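Chemist: Okay, here's the structure, questions in a sec.
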Amino acid sequence: MDFRRRDMMAGGIALASSGLLGRPAAAQSRAETLRQVTGNSVNTLDPTMPGSTREAFGISVNIYDRLVSFGRKQGSNGGWVFDPDIIKGELAEKVDTSADGMTFTFHLKRDAKFHDGTPVTAEDVKWSLDRHVAARSLAAVQVQTGGWTKPEQFTIIDPHTVQAKVDKPDRLALPNLCTLYCIIFNSKQAKSHATAQDPWAQEWLKTNTAGSGAYTVEVFKPGEQVILRRNDAWKGGPLPYFRRVICQTIPEAATRASLIEKGDADLSIDLQASDVPTLAQRGRVKLVSTPQFNAFTMVAFNTQMAPFNNVKLRQAVAAALPYQDIFKAALFERGAPLFGASWRGSPTNGKFPQPLPLATNLERARALMAEAGHPNGLDTTFSFNVGSAATSEPLAALVKESLGRIGIRVEIQKLPDAQISTLVTEKKLPFLTETSIAWLPSTDYFFRNFFTGAQRWNYSSWNNAEINALCEKARYELNAAEYERLCKRMIAVLAEEVPVIMLWQPNQDAVMPLGVDGYTYQYHRQVDYRDLKRA
Amino acid sequence: MASAPALFGVVVFTFLLMRVLPGDPAVFFASGPNAGEAEIQAIRVQMGLDKPIPEQLVRYLWDIGHGRLGRSMGTGQPVTVDLANRLPASLELTFTALLLALCCALPLGIGAALAPNSLLDHGVRLLCTLGVCVPTFVSGLLFIYAFYYLAGVAPDPTGRIDIFASQPPTLTGFLLVDAALAGDWEAWHSAASQLVLPACTMALFVLAPLARMTRASMLAVLTSDFVRTGDALGLSRRRVVLVYALRNALLPVITIMGIVFSTMLGANVLVEKVFSWPGVASYALDALLASDYAPVQGFVLLMALIFVAVNLLVDLLYGLADPRVSVA
């Protein structure tokens, strides 16, 4: 239909006389082609390459298989979301977990084949898993959070069976193997391109693929477009609907919006937040808004540096912020709030992130300022990165205004992404806002990554002996009730000590023409094309 | 040859400038949970940033001497490959826009000079002022809104060729040339129609210097002795203006054309961004924002080379326009 309309227009008007006429062959497959437009670019076909973009992660999910992956469920808003509690086989037909939770036996699908037609064997699985722990890549740092650190943990039982062992019963051992880093390569193909300096063929795999996934790569132009073609011999799951997928980089957000609205493009997940409600109102597109339940936006204090090493001062700031106003002004309430809970002392459940008992109370804030030893207030800077300016700018303005009322004079600092990353890593910023995301949304994983240790993600550089001990314990705790108890305690300590102020979980807005169906919010926040179809 | 010292200066200057800028690329590119010192250090080593700056500079110069410009962290490709892929896109757009601008600017400038202070003259002045005043991203977005979104006559403004059309085999990288060589007229049409809006946007912006320069230079020439002589000898007005006057008036126009061309190539980043044009300028901007040193350095070197080449070409064109000028 779309094609006819364009043809008719083109016939009438001279400017369009070129280029729009006559491509019936292309039009027939248009319905079976999905065109995603994004502001960012795919920079590698190997998601484990340092510097991979999120869009590259999304593409890799579709061209490679993992042994296992997460299922999906209906989310709170009616749309689909990934479900970390369901683990289904992709290349594995069946996974046996030993009673002690330390040994996993993967039985491979016997008919699974790589794109070049060779069967997927235990040898490929072993080589790939070895690569993920041994090569210098993003995978190694991720999988060690599940207890995978050395190649000796993976053994070949027979050509179709692989066994993997962890030293301690780690709750995240299996979920880690579901993540998009743990892809299975065609080891013969990869090895033929390995060199002495590059034993894991990392150089070659940046621009070539050796996988078994639902799609093969037809065109890969970094920074421009990636075109995928369906692998009709795929055995990892039900055959996806779309035969062809185009992921195109369109830097201008307004252009992406009009492409979707005109039906020339089929999906965008990174439109400008302010455009989205208008688009939805006009009713020509479908909007799937999902609170990103594995992400959170926070205001972080540097707990290792004066003045915010003072817990009273942090509590004072937490009592001074106008949460609801910020939520409205910065996010247009498009998300799930993480403030305003009614519990005191200990939370009612161990889920995280969950709303914390944060509320505005200026009286209390002023009292706390005096208790903190700053009756005359103080000066500080509040930093955010340019990339997040759309929400961070109004947020910063309200932080500045509200803290002014309790005597804290805030200077706002807006920094380019590369610069703020450097300063955050060097732990030099006193007070900042960030949005973070965890692929594996379990409470101990959040606390381990964001509230302990020296890495960049511990934005508040928090180092609390009780939390450190609780994290270590919870990680290996297989008893659900005991795990819940440990998690509740961690959340209670966080609420009391306020190393960060939790604000909200922003929505992800996926916009598509009315006919596109099945969009699923994934842990990697990218598009899994295998979920989608045209109704 | 004479430009070698200048090029060397440009290379060293950009190299140092990039390193003075705040922001550590290694930190930026290291991500993931537990991305600690070890991972950042590994990337630093990979990018060669662990060495002292003088050593980095010497290595960089050595690499340039061997035709290597380093690797872009952002695209994962060698910078030479990226630039080679993207330069034809920028050149094709710039050439088309320049041609378009010249085709409009010369007649308009001549017309305005022939009838100074007439309605035509004022009209040209208005058009030029508008073209210069409206930033390219505004005019670009307006064009898109009017011709794509509202009227639906332009193809979607996304790159060099309709995404659903088949791409002609790459020979020169210039899609129009490649498609014509392959005899694939469907692709040619597609590429040409994608080119119309961005080329118009750019042409509008550079119309002013070209038209104004033509007008000024024509005005000076039209009052000179040889034109009066020509008129007195009874030559047709057409012959006097187009053959004798125009040729003499062209020298400053050619000079300004060289400058306009170099500026367009580097400064059209906004047009490239608005129209998703995969050119060199948007590539360099992305790299700059990510503190990705190699592509920015490569881009500046490329621009310097092109500037030198264009200057040489302009000098040669002088000779054609005015035989009294010779390039020694």
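Chemist: Given the residues B:LEU99, B:LEU93, which is the only one that is under 19 Å from the mean Cα position of the chain (by Cα), open to solvent by less than 50 Å² (accessible area, probe 1.4 Å) and aliphatic (A, V, I, L, M)?
Modeler: Numbers: B:LEU99 fails: open to solvent by less than 50 Å² (accessible area, probe 1.4 Å).
Checking each option against the conditions leaves just B:LEU93.
Conditions (1) away from chain A (no Cβ under 12 Å); (2) touching a Gly at 6+ places or on another chain (Cβ under 8 Å), marked per residue:
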residue	(1), (2)
B:GLU39	no, yes
B:PRO52	yes, no
B:LEU57	yes, no
B:HIS66	yes, no
B:PRO78	no, yes
B:ALA84	yes, yes
B:CYS104	yes, no
B:LEU108	yes, no
B:ASN117	yes, no
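Chemist: Filter region B:289-328 down to the residues that are open to solvent by less than 50 Å² (accessible area, probe 1.4 Å), of a type in the set (Gly, Ala, Ser) and part of a helix (DSSP H, G or I) and list them by number.
Modeler: B:ALA294, B:GLY298, B:ALA304, B:GLY319, B:ALA321
Chemist: Within region B:277-288, is even one residue crowded, with 24+ Cβ neighbours inside 10 Å, at pLDDT 85 or above and farther than 30 Å from B:ILE53 by Cβ?
Modeler: Yes, that holds for at least one residue.
Chemist: Would a scan of region A:426-435 turn up a residue that is more than 27 Å from A:LYS312 (Cα to Cα) and either open to solvent by 40 Å² or more (accessible area, probe 1.4 Å) or more than 10 Å from chain B (Cβ to nearest Cβ) (or both)?
Modeler: The first filter runs over region A:426-435 and keeps only residues more than 27 Å from A:LYS312 (Cα to Cα), leaving none.
Looking for residues that are more than 27 Å from A:LYS312 (Cα to Cα) and either open to solvent by 40 Å² or more (accessible area, probe 1.4 Å) or more than 10 Å from chain B (Cβ to nearest Cβ) (or both), one finds none in region A:426-435, hence no.
Chemist: In region A:117-146, how many residues are away from chain B (no Cβ under 13 Å) and open to solvent by 10 Å² or more (accessible area, probe 1.4 Å)?
Modeler: Residues meeting the conditions: 10.
Chemist: Restricted to region A:37-92, and to residues that are within 14 Å of chain B (Cβ to nearest Cβ) and charged (D, E, K, R), which residue is farthest from A:GLN248 (Cα to Cα)? Please lay out each step first, then the result.
Modeler: So the first thing to find is which residues in region A:37-92 are within 14 Å of chain B (Cβ to nearest Cβ), and the list is A:37-57, A:59-60.
Filter once more, keeping what is charged (D, E, K, R): A:46, A:54-55.
On the way: A:ASP46: 18, A:ARG54: 14, A:GLU55: 10 Å.
The extreme case among them is A:ASP46.
Chemist: Run B:ALA216 past the list (1) crowded, with 23+ Cβ neighbours inside 10 Å; (2) part of a helix (DSSP H, G or I) and report the number of the one that doesn't hold.
Modeler: The failed condition is (1).
Chemist: Another question, if that's okay. With respect to B:SER166, is the statement that it is open to solvent by less than 10 Å² (accessible area, probe 1.4 Å), of a type outside the set (D, E, K, R) and out of contact with any strand residue (DSSP E or B) (no Cβ under 9 Å at 6 or more places or on another chain) true?
Modeler: On the way: open to solvent by less than 10 Å² (accessible area, probe 1.4 Å): no; of a type outside the set (D, E, K, R): yes; out of contact with any strand residue (DSSP E or B) (no Cβ under 9 Å at 6 or more places or on another chain): yes.
Judged against the criteria, B:SER166 is not a match.
Chemist: Shifting gears a bit: Select from region A:397-425 the residues that are within 14 Å of chain B (Cβ to nearest Cβ) and either closer than 14 Å to A:ASP379 by Cα or open to solvent by less than 50 Å² (accessible area, probe 1.4 Å) (or both) and list them in ascending order. Lay out the reasoning, then the answer.
Modeler: Of region A:397-425, the ones within 14 Å of chain B (Cβ to nearest Cβ) are A:413-425.
Result: A:GLN413, A:LEU415, A:ALA418, A:GLN419, A:ILE420, A:SER421, A:THR422, A:LEU423, A:VAL424, A:THR425.
Chemist: Across region B:60-81, what is the number of residues that are in contact with a strand residue (DSSP E or B) (Cβ under 9 Å, 6 or more places away or on another chain) and of a type in the set (D, E, K, R)?
Modeler: Total satisfying the criteria: 2.
Chemist: Test B:LEU210 against the stated conditions and say whether it is open to solvent by 60 Å² or more (accessible area, probe 1.4 Å), away from chain A (no Cβ under 14 Å), assigned to a helix (DSSP H, G or I) and not aromatic (Phe, Trp, Tyr).
Modeler: no
Chemist: Out of B:LEU49, B:LEU57, B:LEU83, I need the residue that is in a helix (DSSP H, G or I) and more than 25 Å from the chain's Cα centre (by Cα). Which one? Even if it seems obvious, please write down each step before you answer.
Modeler: On the way: B:LEU49 fails: in a helix (DSSP H, G or I); B:LEU83 fails: more than 25 Å from the chain's Cα centre (by Cα).
It is B:LEU57.
Chemist: Checking B:ALA249 against (1) in contact with a Leu (Cβ under 9 Å, 6 or more places away or on another chain); (2) within 14 Å of another protein chain (Cβ to nearest Cβ), which single condition isn't satisfied?
Modeler: (2)
Chemist: Let me ask another. Quick one: in region A:451-472, of everything that is within 12 Å of chain B (Cβ to nearest Cβ) and over 17 Å from A:LEU486 (Cα atoms), which residue is most open to solvent (accessible area, probe 1.4 Å)?
Modeler: Taking the candidates together, the pick is A:ALA454.
Chemist: If the requirement is being surrounded by fewer than 17 Cβ atoms within 10 Å (Cβ to Cβ), part of a loop (DSSP other than H, G, I, E, B) and of a type in the set (A, V, I, L, M, F, W, C), which of these qualifies: A:ALA196, A:ALA210?
Modeler: Checking each option against the conditions leaves just A:ALA196.
Chemist: Continuing with this model, one more query. Being open to solvent by less than 10 Å² (accessible area, probe 1.4 Å) and over 30 Å from A:THR278 (Cα atoms): is that true of A:ASN349 here?
Modeler: no
Chemist: Let me ask something else about it. Which of the following residues is closer than 30 Å to A:VAL516 by Cβ and among the hydrophobic types (A, V, I, L, M, F, W, C): A:ALA135, A:ALA112?
Modeler: Working: A:ALA135 fails: closer than 30 Å to A:VAL516 by Cβ.
Among A:ALA135, A:ALA112, only A:ALA112 is closer than 30 Å to A:VAL516 by Cβ and among the hydrophobic types (A, V, I, L, M, F, W, C).
Chemist: Further question on the same structure: For region B:140-153, what are the residues that are assigned to a loop (DSSP other than H, G, I, E, B), open to solvent by 10 Å² or more (accessible area, probe 1.4 Å) and within 7 Å of chain A (Cβ to nearest Cβ)?
Modeler: From region B:140-153, those assigned to a loop (DSSP other than H, G, I, E, B) are B:151-153; that's our starting set.
Still in the running and open to solvent by 10 Å² or more (accessible area, probe 1.4 Å): B:151-152.
Scanning region B:140-153 gives a single hit, B:GLY152.
Chemist: Right, here's the next one. Could you go through region A:217-237 and let me know if any residue there is crowded, with 17+ Cβ neighbours inside 10 Å, over 30 Å from A:ALA31 (Cβ atoms) and assigned by TED's automatic domain parsing to the domain that holds A:TRP127.
Modeler: The initial filter retains those residues of region A:217-237 that are crowded, with 17+ Cβ neighbours inside 10 Å, namely A:217, A:220-228, A:230-231, A:234-236.
Narrowing the set further to residues that are over 30 Å from A:ALA31 (Cβ atoms) leaves none.
No; the residues of region A:217-237 include none that is crowded, with 17+ Cβ neighbours inside 10 Å, over 30 Å from A:ALA31 (Cβ atoms) and assigned by TED's automatic domain parsing to the domain that holds A:TRP127.
Chemist: Further question: Anything in region A:287-323 that is among the polar types (S, T, N, Q) and either assigned to a helix (DSSP H, G or I) or open to solvent by 20 Å² or more (accessible area, probe 1.4 Å) (or both)? List them, or say none. Before the answer, list the steps.
Modeler: Here is the first cut: in region A:287-323, the residues among the polar types (S, T, N, Q) are A:289-290, A:292, A:294, A:297, A:302-304, A:309-310, A:315.
Selection gives A:SER289, A:GLN304, A:ASN309, A:ASN310, A:GLN315.
Chemist: Residues B:THR158, B:THR129, B:THR172: which one is part of a helix (DSSP H, G or I) and not small (Gly, Ala, Ser)?
Modeler: Values: B:THR158 fails: part of a helix (DSSP H, G or I); B:THR172 fails: part of a helix (DSSP H, G or I).
Of the residues listed, the single one that is part of a helix (DSSP H, G or I) and not small (Gly, Ala, Ser) is B:THR129.
Chemist: Quick one: how many residues across region A:177-214 are in contact (Cβ under 8 Å) with a residue 60 or more places away in the chain and charged (D, E, K, R)?
Modeler: Here the count works out to 3.
Chemist: Related question: Which condition number does A:ARG284 fail, the rest of (1) away from chain B (no Cβ under 14 Å); (2) in contact with a helix residue (DSSP H, G or I) (Cβ under 6 Å, 6 or more places away or on another chain); (3) surrounded by fewer than 21 Cβ atoms within 10 Å (Cβ to Cβ) being met?
Modeler: Failed condition: (1).
Chemist: A further question follows. Is there any pair with a first residue in region A:420-447 that is outside the structural domain of A:VAL143 (by TED's automatic domain parsing) and a second that is assigned to a loop (DSSP other than H, G, I, E, B) and among the acidic types (Asp, Glu) whose Cβ atoms are under 9 Å apart and which are 6 or more apart or on different chains, and what are they?
Modeler: A:SER421/B:ASP24; A:THR422/B:ASP24; A:THR425/B:ASP24; A:GLU426/B:ASP24; A:ASP444/A:GLU477
Chemist: OK, next. In region A:331-341, what count of residues is obtained for those that are over 14 Å from A:PHE296 (Cα atoms) and either crowded, with 18+ Cβ neighbours inside 10 Å or small (Gly, Ala, Ser) (or both)?
Modeler: Adding up the residues that qualify gives 2.
Chemist: Here's something else I'd like to know. Would you check which residues across region A:126-147 are modelled with pLDDT of 95 or more and in contact with a Cys (Cβ under 9 Å, 6 or more places away or on another chain) and list them?
Modeler: A:SER128, A:LEU129, A:HIS132
Chemist: Could you run through region A:42-83 and say how many residues are of a type outside the set (D, E, K, R), touching a Ser or Thr at 6+ places or on another chain (Cβ under 7 Å) and open to solvent by 30 Å² or more (accessible area, probe 1.4 Å)?
Modeler: Summing the residues that are of a type outside the set (D, E, K, R), touching a Ser or Thr at 6+ places or on another chain (Cβ under 7 Å) and open to solvent by 30 Å² or more (accessible area, probe 1.4 Å) in region A:42-83 gives 3.
The values are calculated or read from the model by the stated rules, or taken from the named source; none is laboratory data. Fair warning: this is a prediction, and the values are worked out from it, not measured in the lab. For neighbour counting, all protein chains shown are included, and Cβ atoms are generated from backbone atoms with ideal geometry for every residue, glycine included. Note: accessible area is taken over every heavy atom of the protein model, side chains too, but ligands, DNA and RNA are not part of it. Shrake-Rupley method; radii C 1.70, N 1.55, O 1.52, S 1.80 Å.
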